[in-house]
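Asker: Input: one structure, supplied below.
The values are calculated or read from the model by the stated rules, or taken from the named source; none is laboratory data. Note that this is a predicted model, so its numbers are computed, not measured. Counting neighbours? That spans all protein chains shown, and the Cβs are built from the backbone with ideal geometry, glycine included. SASA here: full protein model, heavy atoms, side chains in, ligands and nucleic acids out. Shrake-Rupley method; radii C 1.70, N 1.55, O 1.52, S 1.80 Å.
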Amino acid sequence: MKILVCISNVPDTTSKINFTENDTKFDTNGVQFVINPNDEFGLTRAMWFKEKQQAIVHVATVGDASVEPTMRKALAIGADEAIRINAIPTDGYYVARQLAEVAKNGGYDLVIGGRESIDYNGGMVPGIMSSLLDMNFVNACINLEIEGNNVTAIREIDGGKEKLSTTLPLVVGGQKGLVAESDLRIPNMRGIMLARKKTLSVVDPVEANMATEDIKFEKPAPKGAVKLVDNVDDLVNLLHNEAKVI
Amino acid sequence: MSVLVYTESENGAFKKNAFEVASYANAVASQMGTAATAVSFNCSEAESLGAYGITKVLNIADEKLKTFSAKAYAHALVEAAKSEDATVIIVSSSTDSKFLAPILTAKLKAGYVPNVVAAPESTSPFVVKRTAFSNKGFGQTQINTDVKIIGVSNNSFGAHENNTTATIENFSPTLSEADYNVKSIEIDKAVGKVTIADADIVVSGGRGLKGPENWGMIEELAEVLGAATACSKPVSDMGWRPHGEHVGQTGKPVASNLYIAIGISGAIQHLAGVSASKVKVVINTDEEAPFFKAADYGIVGDAFEVVPQLVQKLKEFKAQNA
Ligand SMILES: Cc1cc2nc3c(=O)[nH]c(=O)nc-3n(C[C@H](O)[C@H](O)[C@H](O)COP(=O)(O)OP(=O)(O)OC[C@H]3O[C@@H](n4cnc5c(N)ncnc54)[C@H](O)[C@@H]3O)c2cc1C
Ligand SMILES: Nc1ncnc2c1ncn2[C@@H]1O[C@H](COP(=O)(O)O)[C@@H](O)[C@H]1O
């Protein structure tokens, strides 16, 4: 089985968000970038398929050279090869189009992405890819088992979960649950050394349109001070008469 | 040119978000000087959308579409969009909508913007406001394609009555076997329980509650309020509560009217996922807990004392206001 894991390079979850250039761009100043958490769960599941079912695992990212440390981290965790598509990822459709090209040329059986990237929260790249590639698709996937060509997956639904059966080739939009939090791996010294020798190839993007563009950002209005009360009578009263939520 | 809206139903009845997206579609349609058509699947009360400004409903009555199937539903919507000459398509932020919208996007070569919180700023150029960076910011996004797809955030635009009469037409899309390649084999969903996505009120517990055996009072509180229960990430990681209850940046987003956080410190990743809630109440022993800075109301106190009192008080309140 040949697996492609799509890795989005995102600000660390603790990052403070600021905008620059007249509020038209995300300010990367002082921001630490990491593997998108949803993708990390997918990558770790891919490692399981590598170790238990001899899968070959490649990772791909659409981005400029600044994303390479994140890709090296994926290699240190255990991916066999990395592919960087040299373009700025501003639009989900555009990104999906690029990754689909790589997926098609590489003949992958399974493409794993995340349910959403935690920066722009598009939640669309894996689904668009599945359509462009004419592959089956499971989103918000929290469990994935593969035997031969047969796939059993569980996806999250509002208020519960749903078990699905399908076949390869498949695209997955994954999240926590694909593996447990405690299964995530911190790259060790050996992994980091090995990663330096692994192939990280850079390919040019294909021609594609930008379906959307972000023209302006803003931060939420600052919050007023909290009203502290010292008994539940006052609280219920305020929630009923002032906030009008009960 | 028209506006198409996917209105979700379950066992024949509309979900709450159906009326929100219908209202949104009606608003966009009036902005563009056109009408909004809804698409429903196996819905037995399609005419009720008339109350939200929808003049036409295409209802798809098909046994095979009883259970949600992302690809089949998406392809049915593609056909409906083509037959209605739709240039704007509205979906919700439910897990099902987020599952099918990207497929729809690819098939219609559309631009898709999810998590939209308001009616378009303008329709030419087409610009919408959405949340980004896990609620730490908002973005104005311009859609440049002929067909535009908008995912409306839960509980943001709201449902607005706008009384008209909806005519109902049966619609039969031509679907192929391949559209059903992903098959549902089992649905595991608590019946009669409010979901985090639909809830007006969410009651959430953190590590401060010490252990799963103490969730009884959280469930009791949720029950008097008709609320959904949720939890912080470590609580689900430790297996005290099911994973589906984990809310925050890497869990489920919460956009309720009221969010009550009990024994939760208010880490940045937790706040990112719940800040879209309108009113936040914090109960925590530590007055320095960061959550108080993001809250509207708070009680500095021990959950094991405060929560049972609150349950009692709410029961009395309900009895009086019944
Ligand atoms: C990549 C990443 C992603 C993450 N994503 C999420 C996410 O999506 N959602 C999320 O929740 N977290 C997330 N986290 C974890 C987050 O950083 C915090 O660790 C977590 O939110 C803390 O959970 P907590 O508030 O329940 O526990 P704690 O931080 O341990 O807080 C417990 C609180 O309970 C209070 N308390 C103790 N006893 C009582 C009592 N008797 N009565 C009342 N209060 C009491 C304490 O004062 C304290 O404030 C993420 C972390 C990382 C690194
Ligand atoms: N620039 C990118 N490079 C590689 N994969 C990406 C990129 N952007 C998004 N993805 C993948 O698509 C998933 C969903 O992203 P999004 O649609 O942007 O929310 C991510 O979790 C990644 O797996």
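Asker: Given H placed on each backbone N at 1.01 Å, which residues far from B:Val5 in sequence or on other chains put an amide H within less than 5 Å of it?
Answerer: B:Thr37, B:Ala38, B:Val39, B:Ile90
Asker: Moving to a separate point now. Projected area of chain A, taken from the Cα convex hull and averaged over every viewing direction, in nm²? Write down the numbers at each step before the final one.
Answerer: Values: hull surface 69.3 nm².
Mean projected area for chain A: 17.3 nm², to one decimal.
Asker: So, one more: Set the Förster distance to 51 Å, then compute FRET efficiency between A:Ser182 and A:Asp230 from the Cβ-Cβ distance, nearest 0.05.
Answerer: On the way: r = 40 Å, r/R0 = 0.78.
The calculated FRET efficiency here is 0.80.
Asker: Please give the average number of partner chain Cβ atoms lying within 10 Å of the Cβ of each residue in B:139-146, rounded to a whole number.
Answerer: What the average comes to for B:139-146 is 6.
Asker: How many nm is it between the label spots at B:Glu287 and B:Ile187, if each spot is 7 Å from the Cα in line with the beta carbon?
Answerer: Taking the simple label geometry, B:Glu287 and B:Ile187 are separated by 5.0 nm.
Asker: Here's a follow-up. What order, most packed first, do the peptides A:157-165, B:134-142 have when packing is the mean number of other Cβ atoms within 10 Å of each residue?
Answerer: Working: A:157-165: 19.1, B:134-142: 22.3.
Going by the mean number of other Cβ atoms within 10 Å, highest first, we get B:134-142, A:157-165.
Asker: Moving on. Divide, for the stretch B:201-320, the radius of gyration over alpha carbons by 2.2 N^0.38 Å, where N is the residue count. All intermediate terms of the calculation are to be shown ahead of the outcome.
Answerer: On the way: Rg = 13.0 Å, N = 120, 2.2 N^0.38 = 13.6 Å.
This ratio for the stretch B:201-320 stands at 0.96.
Asker: Once you've got the Cα coordinates, tell me which of B:Lys16/B:Lys71; B:Lys189/B:Lys280; B:Lys193/B:Lys280; B:Lys189/B:Lys252; A:Lys50/A:Lys73 are over 19 Å apart. Write out the running numbers ahead of the final one.
Answerer: Values: B:Lys16/B:Lys71 23 Å; B:Lys189/B:Lys280 27 Å; B:Lys193/B:Lys280 22 Å; B:Lys189/B:Lys252 16 Å; A:Lys50/A:Lys73 17 Å.
Listed pairs above 19 Å: B:Lys16/B:Lys71; B:Lys189/B:Lys280; B:Lys193/B:Lys280.
Asker: At q = 0.16, 0.22, 0.23 Å⁻¹, work out log10 I(q)/I(0) for the stretch B:65-168 with the Debye formula, treating every Cα as an identical point scatterer and leaving solvent out; two decimals please.
Answerer: Log10 of I(q)/I(0), two decimals: -0.77, -1.29, -1.34.
Asker: Shielding by partners for A:8-18, please: the mean number of other protein chain Cβ atoms within 10 Å of each residue's Cβ.
Answerer: 3
Asker: Sticking with this structure for a sec: Taking K and R as +1 and D and E as -1, what net charge do the other residues with C-beta under 12 Å from the C-beta of A:Val62 add up to? The partial results should precede the final answer.
Answerer: Working: positive: A:Arg84, A:Arg97; negative: A:Asp64, A:Asp91, A:Glu101, A:Asp204.
Net local charge, A:Val62 excluded: -2.
Asker: What does the convex hull of the Cα atoms come to per residue for the protein assembly as shown, in Å³? Don't skip to the end; give the middle numbers.
Answerer: Details: hull volume 86.5 nm³, N = 568.
Taking only Cα atoms, the protein assembly as shown has a hull volume of 152 Å³ per residue.
Asker: I'd like the Karplus ³J(HN,Hα) series for the stretch A:105-110: coefficients 6.51, -1.76, 1.60, θ = phi - 60°, whole numbers in Hz, and an x wherever there's a Gly or Pro.
Answerer: Coupling constants for the stretch A:105-110: 5, x, x, 7, 8, 9 Hz.
Asker: I want to verify the translational diffusion coefficient of chain B in µm²/s; compute it with Stokes-Einstein, Rh as the Kirkwood radius over Cα pairs, at 10 °C and 1.306 mPa s.
Answerer: Working: Rh = 20.9 Å.
In µm²/s, the coefficient is 76.
Asker: Right, here's the next one. Cut-off 10 angstrom, C-alpha nodes, Gaussian network model of chain B. Which of B:Phe133, B:Phe291, B:Phe14 fluctuates the most?
Answerer: B:Phe133
Asker: For the stretch B:2-180, taking Cα atoms only, what is the radius of gyration to one decimal and the Dmax to the nearest whole Å?
Answerer: 14.9, 43
Asker: Please report, as a whole percent, how much of the solvent-accessible surface of the protein assembly as shown comes from carbon and sulfur atoms (probe radius 1.4 Å). Before the final figure, lay out each step's value.
Answerer: On the way: 11240 of 22980 Å².
Here carbon and sulfur together make up 49 percent of the probe-accessible area.
Asker: Restricting things to Cα coordinates, could you compute the convex hull volume per residue of the stretch B:129-190 in Å³?
Answerer: Working: hull volume 18.0 nm³, N = 62.
Roughly 290 Å³ of hull volume per residue.
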